[in-house]
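Down below is the structure, laid out as structure tokens.
The values are calculated or read from the model by the stated rules, or taken from the named source; none is laboratory data. Predicted, not measured: the structure shown is a model, and the values here were computed from it. Please note: Cβ atoms are built from the backbone with ideal geometry, for glycine as well, and neighbour counts cover all protein chains shown. Just so you know, the surface numbers come from the protein's heavy atoms only, side chains and all, with ligands and any DNA or RNA stripped out. Shrake-Rupley method; radii C 1.70, N 1.55, O 1.52, S 1.80 Å.
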Amino acid sequence: MYYYAISFLKAAPFWGGWLADRWLGDPENWPHPIVWFGKAISIGEKALNRGSMRVLKGACLAVFLIMGVYLICHGLLALAGGIAYGLNMLLTAIGVFYGLSGKTLIREVSAVFDAVERSTEEGRRQVARIVGRDTANLSPREIRAAALETLAENLSDGVIAPMFWFALLGMPGMMAYKMVNTLDSMIGYKNERYGEFGRVAAKIDDAANFIPARLTAYLMLLVSGNWKKRAFVRRFGRAHASPNSGYPEAALAAILDCRFGGTHDYFGKPVEKPFIGTNERELTAADARLAIRVNSNTEIAMGFIVSLFLVII
């Protein structure tokens, strides 16, 4: 009985942080470590992204920040554990809360669908909050498609992958992953400014998301009752320019029987992305509701998997 009590106690911080995120999301005006990560990356990029050897300098910045976050979190937990075990658990729960973005993702995507119903221009402004592409000329269908693509991709990046790395490396691993993801979102672009400097950061992000992206896609199929569409996901997931983001997008396209991808503008230049799916149809609020339900159920499934892993190890 004592063994089982200790086993369940190990999972308690994860449950606390996870349930807090599902209830609260990211409350506006609260301090957030991802903002701090972004400021550190910005300072490093402005200081180092110049002159020669930009690939090496970008790699050094990425490794320094990722390892720095991991070691700082590990040190804080060790210090807290030396004071009181409960303090260690509290810090872990807070880290999990800040490391997940499931509720916020659903809230933002819902807001896009609500906004585009009111006007195309309002939909463009709302979707610009969650996508990297230029939104000034998007049609209503393109706005909805962008929101759903982001919902699928960020289910992997913002929920499943952080849970995966928490299961393997605890809260320090989850926070280190969030730094990896933030680096990629800020300097991982293949353009003139970041093409060399962010190259290694982008490769690290690809490696960190390799398993979680595929896990996300197949969990989406499983919870939605579309397991037979695995071949669709393999076919279109591989076609994407990214080695990872195509998989959850392909899973959602299979579930909704729709088509994502195509040519989009980034920083004023068109970027051609392969199509994911074949049925180019209008997307509706019903599609958003189904996609959000799949998103939520996939998160719950992964939460139970991580909980089971934490209890038995």
Close Lys-Lys pairs in the chain, where close means Cα under 16 Å and separation is 8 or more or interchain: 7
Neighbour cut-off at most 16 other Cβ (10 Å), DSSP loop, trypsin sites (Lys or Arg not before Pro), the stretch 101-194: Arg129, Lys190, Arg193
Output for the stretch 40-149: GluC sites (Glu not before Pro) sitting in coil per DSSP, at most 15 other Cβ within 10 Å, listed by number, reads none
Accessible area per residue, Å², the stretch 58-164 with all protein chains present, probe 1.4 Å: 41
The chain, Kirkwood Rh and Cα Rg, ratio Rg/Rh at 0.97
Taking every alpha carbon pair in the stretch 111-193 and sorting the distances into 10 angstrom bins from 0 up to the bin holding the longest one, the percent per bin comes out as 17, 36, 29, 16, 2
Mean 1/r over distinct Cα pairs of the stretch 1-125, inverted to a Kirkwood Rh in Å, yields 17.9
Set the Förster distance to 51 Å, then compute FRET efficiency between Glu280 and Leu169 from the Cβ-Cβ distance, nearest 0.05. 0.80
Volume per residue, Å³, of the convex hull around the alpha-carbon atoms of the stretch 167-290? 132
Just how large is the dipole of the stretch 238-296 about the Cα centre, in debye to the nearest 20, putting +1 at every Lys and Arg Cβ and -1 at every Asp and Glu Cβ? 140
Roll a 1.4 angstrom probe over the protein heavy atoms and tell me the percent of accessible area of the stretch 181-300 that is carbon or sulfur. 54
Considering only protein heavy atoms, what per residue accessible area in square angstrom results for the stretch 176-313 with a 1.4 angstrom probe? 48
Given the -39500 (n - 2.57) contribution per DSSP H run of 4+ residues, what per-residue ellipticity at 222 nm results for the chain, rounded to the nearest 500 deg cm²/dmol? -25000 deg cm²/dmol
Size of the dipole of the stretch 37-132 about the Cα centre, Lys and Arg at +1 and Asp and Glu at -1 on the beta carbon, nothing else charged, in debye to 20? 380
Taking the Cβ of Leu148 as the center, what net charge do the other residues with Cβ under 9 Å away carry, scoring Lys and Arg +1 and Asp and Glu -1? -2
Taking every pair of alpha-carbon atoms in the stretch 30-98, what share in percent sits in each 10 Å bin, from 0 to the bin with the longest distance? 18, 38, 26, 14, 4
Among Phe97, Phe267, Phe37, which one shows the biggest mean-square fluctuation in a GNM of the chain, springs joining Cα atoms closer than 10 Å? Phe267
What part of the accessible area of the stretch 63-120, given as a whole %, is carbon or sulfur when the probe is 1.4 angstrom? 74
GluC sites (Glu not before Pro) within the stretch 192-260: DSSP coil, no more than 15 neighbouring Cβ in 10 Å: Glu192
